[in-house]
Amino acid sequence: MLGEQPGSVERFNVMHDIRRARYGGWGVYFDSGSSHILVENNLVYDTEDGGLIHGGRSMNNTVRNNIFAFGEKTQLTVDTAPEGEPIRVERNIFVWQERDLFLHAPPARGHFASNLYWRVGHGAQPLQAADTPTGRWLAQEPGACAADPLFADAARRDFRLADGSPARKLGFAPFDVSAAGRRLRAGSTDALPRPPEAYAPAPPEPERPLAEDFEALAVGQGLLGWHLASGGRNELVQVTDATAAGGRHALRVRDELADYEPHFYAYPVRRQGAVAFSCDLRVGEGAAPSLELRDVDPWYSSGPLVTIAKDGLMRGAHGRELLKIPHQVWFHLELRTAVGKAGTGRYEVRVRLPGEAQARVFTDLPCAPGFKTLGWVGFCSNGEVGSVYEVDNLVLTPAP
């Protein structure tokens, strides 16, 4: 679903066995900005990602009386717009086995009430683990219940509810999806049978080159080949000829948004060997950019990371202080690590300041334990509103 859809209703659908090649193995998907939609009486199960995703600029949506079961990597991801009526999630059943309820963290806004949660094999743990973000969040939900919903046979994907199901006490109304499917069949055949075996995995993502010096881009043009999150304000990240690390052009980032935007990122997959990502940076007063490399899993594990505070202090993983960066001058930054069989779970940072012939080297910085494959490179903007920084010569190469 995409865009504002007042009066739209999605009900009596069965969504199951959803796989993806690169992204998007969800069930009910409110794409960013999808608003004013009612989703009720749907059965969603066996999705590679989660049963429900709600985009960040979506508002005034209601999700009620649905069954979301057995997402592999998560059950739901709910981002909410900073203004407007947040999503309402009421009287649903969430059942799963692995991972956590939320992909990254519970939503900052949203009305959740009278939902039933059950992690097979873990009992009432989701509500009892009060020392976790999910546990603390769920403990505040009015009417939330952690209990076995008493499906007829969940292992065989028979989601009919027993008469004594605790979901009924929450107001959940059983629904019949036996007639779900096309209203008009294409031809005279019955519905296609389910495949006897699991779908074959998608082929590996090809290793694409990443090298951008902005010299071929016009002034005022955006960053090609990268994804940009800027609240629709693409003018905040544009090519400039006012300054450059070498040549005539660089990319200027104006931080006029709250939180971490403007935020731009790319997906250069590397699975084996030593890798190095380098760039040139020029940080203005009050700017606070960060650079991070992650793996390819939606439950991402962070790899090499550097942050620069508003006062110019650069830090690595776990807040380790590295050095103070001078403002308004270009410097060279390089992150090195290894992935695949060569991976050690560590990385190093190299910084060459203006006037220095040799880079300063900071070694033995820890990646997250699960970091094994490079699949994402991104910049975030965490500075004061109105601050500016520039980047130039973005390059991903095998490390020496």
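The values are calculated or read from the model by the stated rules, or taken from the named source; none is laboratory data. Nothing here was measured: the structure is a model prediction, and the numbers come from that model. Heads up, the Cβs are rebuilt from the backbone with ideal geometry, glycines too, and the neighbour counts pull from every protein chain shown.
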Practice item. State all residues of segment 363-400 that are more than 27 Å from residue 286 (Cα to Cα), surrounded by 13 or more Cβ atoms within 10 Å (Cβ to Cβ) and not polar (S, T, N, Q); if no residue qualifies, say none. Key: 366, 367, 368, 370, 371, 372, 374, 375, 396, 399
Revision key, fill the gap. Scanning segment 266-291 for residues that are surrounded by fewer than 20 Cβ atoms within 10 Å (Cβ to Cβ) and touching a Cys at 6+ places or on another chain (Cβ under 9 Å) gives 290
Exercise for review: Test residue 348 against the stated conditions and say whether it is part of a strand (DSSP E or B), among the charged types (D, E, K, R), farther than 23 Å from residue 214 by Cα and assigned by TED's automatic domain parsing to the domain that holds residue 230.
Suggested key: yes
Review point. Which one of 305, 333 is in contact with a helix residue (DSSP H, G or I) (Cβ under 6 Å, 6 or more places away or on another chain) and assigned to a strand (DSSP E or B)?
Key: 305
Review point. For residues in segment 236-259 being within 29 Å of the chain's Cα centre (by Cα) and at pLDDT below 95, which is nearest to residue 282 (Cα to Cα)?
Key: 256
Review point. Just wondering, is there one or more residues in segment 25-36 that are assigned by TED's automatic domain parsing to the domain that holds residue 120, in contact with a Pro (Cβ under 6 Å, 6 or more places away or on another chain), surrounded by fewer than 19 Cβ atoms within 10 Å (Cβ to Cβ) and assigned to a strand (DSSP E or B)?
Key: yes
Practice item. Would you mind telling me which numbered condition in (1) buried (at least 18 other Cβ atoms within 10 Å of the Cβ); (2) part of a loop (DSSP other than H, G, I, E, B) residue 85 fails? Key: (1)
Review point. Is at least one residue of segment 179-190 modelled with pLDDT of 85 or more and either over 30 Å from residue 382 (Cα atoms) or surrounded by 11 or more Cβ atoms within 10 Å (Cβ to Cβ) (or both)?
Key: no
Point to revise | Residue in segment 263-276 that is in a loop (DSSP other than H, G, I, E, B), assigned by TED's automatic domain parsing to the domain that holds residue 329, touching a strand residue (DSSP E or B) at 6+ places or on another chain (Cβ under 6 Å) and among the small types (Gly, Ala, Ser) present | key: no
Check your understanding: among the charged types (D, E, K, R), without any contact (Cβ under 8 Å) to a residue 24 or more places away in the chain and surrounded by fewer than 18 Cβ atoms within 10 Å (Cβ to Cβ): does that describe residue 360?
Key -> no
Check your understanding: Looking only at residues in segment 316-357 that are among the small types (Gly, Ala, Ser) and more than 26 Å from the chain's Cα centre (by Cα), which one is surrounded by the most Cβ atoms within 10 Å (Cβ to Cβ)?
Key -> 342
